[in-house]
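Report on the structure given below.
The values are calculated or read from the model by the stated rules, or taken from the named source; none is laboratory data. Because the structure is a prediction, the values reported are computed rather than measured. Cβ placement follows ideal geometry from the backbone for every residue including glycine, while neighbour counts extend to all protein chains displayed. The accessibility values were calculated without ligands, DNA or RNA, using every heavy atom of the protein model including side chains. Shrake-Rupley method; radii C 1.70, N 1.55, O 1.52, S 1.80 Å.
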Amino acid sequence: MESELKDLNPKSHQPDPIDDGSSAKDDRPLLKPDAAAAVIPPPPVSAATIEELEKKFAAYVRSDVYGTMGCGELPWTEKLLLGIAFFTLLPVRVAVVMTIMVVYYLVCRVCTMCLAPNREDGAGQEDYAHMRGWRRAVIVRAGKFFSRAILFVLGFYWINETHQFNDQAECKDISEEPERPGVIVSNHVSYLDILYHMSSSFPSFVAKRSVARLPIVGLISKCLGCVYVQRESKSSDFKGVSGIVNERIREAHQDKSAPMMMLFPEGTTTNGDFILPFKTGAFLAKAPVLPVILRYPYQRFSPAWDTISGVRHVILLFCQFVNYLEVTWLPIYYPSQQEKDDPKLYADNVRRLMASEGNLTMSDIGLAEKRIYHAALNGNNRLPTVLHRKDE
């Protein structure tokens, strides 16, 4: 999720004026300091341009009461509800969620006491997901319980789950036990997706290496068996994340006691009405996949994390009295030989199935277009914000 937080930060799109990655000397003439020309604000983006971008990048457009970037003009009734929730519901939920996380951290600390983490030589990976016995059982059961408890505290009192049967099993011998999927693939709408999947199947995720060093969350991620991405290292001693993920998928497919992998093949979040092109990482292992479709119906604030800052999203989510989540578990998808030979075909077919079953619109845009849309919105909203503060 840290990568998403970086994407949603307007400053992350601006080049670093100090270190641009070039060792060449800058021979441009020095500019004399001029108070009038020291700072040149970017030209505002017109409303017509924003409207055109919304049509082109519809997968990231917010349509809830709070509007674009969660900064829209609210009716007085919504302001009243938001004010009441901010001073009553928000602090209570923050305190309870933090308490739950600390308690689960202590559970993980006790279960991993005097136990060395599993390490992959040369891969920079370590986890506690491969432990056996009572320790693993306690971590998994407590993790599922506390994840669901956090969702309950955040207003997800009921989660509507639908499980579909596997029609592809008819072509297999009835006497044979169905193959275990190696990975769960899901559309990506919000950081809340992680909490739901933790509460349902407690799988392993892909995370940045820095997550492992975070307080509280770091140990929990190791107990989940997260695969860490070492982006800052280009050393050949480190395995590519794709190779490690493929090994984990094959292991989960062949060993029922191994942790299941959970991947979001879109690579970023949408507003929940669209499904983006799939990356092939989850399909390279040629193992069966378990598709899951997540929907967040809403009336006021959309839990989708699309074009809104992380802090604002958390505050507005915590201030919403009731939230809703609908989950559709599709049948296990067994790839054909042609799909095994062509991971891109495999990924596209699973994506089309999820779009059809989840009534999702297929879009061909990706993270690059999301950044363009964010940059345009930030440039368009900077001037009105300044003027509004001056008026106050």
Practice prompt. Heads up, I need the accessible area for LYS56: 1.4 angstrom probe, whole protein in place, Å², nearest 10.
Written response: 140 Å²
Worksheet item: Once phi is turned into θ = phi - 60°, what whole-Hz ³J(HN,Hα) does the Karplus curve with 6.51, -1.76 and 1.60 give for every residue of segment 254-269, x standing for Gly and Pro?
Response: 9, 10, 5, 7, 7, x, 6, 8, 10, 10, 9, x, 5, x, 7, 9
Worksheet item: Label point 7 Å out from PHE152 along Cα-to-Cβ: which residues of segment 82-106 have amide N under 18 Å?
Response: 92-105
Fill in: Amide H partners (placed H, <5 Å) of TYR191, local residues excluded
TRP305
Fill in: Over 20 Å (Cα to Cα) - which of LYS279/LYS370; LYS144/LYS256; LYS56/LYS370; LYS286/LYS344; LYS208/LYS286; LYS256/LYS286 fall in this group
LYS208/LYS286
Response to the item:
Reported to the nearest 10 Å², ARG148 has, with a 1.4 Å probe, an accessible area equal to 70 Å²
Discussion item. Can you sort LEU367, LEU377 by solvent-accessible area, 1.4 Å probe, largest first?
Written reply: LEU367, LEU377
Item to complete: Quick one: accessible surface of SER356, probe radius 1.4 Å, all protein chains present, in square angstrom to the nearest 10.
Response: 90 Å²
Worksheet, complete the sentence: Under 5 Å from the placed amide H of LEU325, counting only residues 5+ away or on other chains, we find ASN160
Discussion item. How large a share of the accessible area of segment 201-341, in percent, is made up of carbon and sulfur atoms when the probe is 1.4 Å and the other protein chains stay in place?
Written reply: 53 percent
Item to complete: Mind giving me the nanometre distance, one decimal, between the label points for GLN254 and HIS130, set 7 Å out from Cα along Cα→Cβ?
Response: 1.3 nm
Response to the item:
By the C-alpha gyration tensor axes a ≥ b ≥ c (rounded if a/c is under 1.5, else prolate when a/b exceeds b/c, else oblate), the shape of segment 247-323 is prolate
Item to complete: Provide the gained length on full extension for the span LYS344 to LEU106, in nm with one decimal, where the gain is 0.36 nm per separating residue minus the Cα-Cα distance.
Response: 81.4 nm
Discussion item. List the residues, sorted by chain then number, that are 5 or more residues from LYS208 or on another chain and whose placed amide H is less than 5 Å from its amide H.
Written reply: GLU2, VAL229
Worksheet item: Across all directions of projection, what mean area in square nanometres is found for the Cα convex hull of segment 231-373?
Response: 11.4 nm²
Practice prompt. Please give the contour-minus-distance gain from ASN160 to TYR324: 0.36 nm per residue of separation, less the Cα-Cα distance, rounded to one decimal in nm.
Written response: 58.2 nm
Worksheet entry | Rough spin-label spacing in nm, given labels placed 7 Å along Cα→Cβ, for THR77 and ARG371 | 4.2 nm
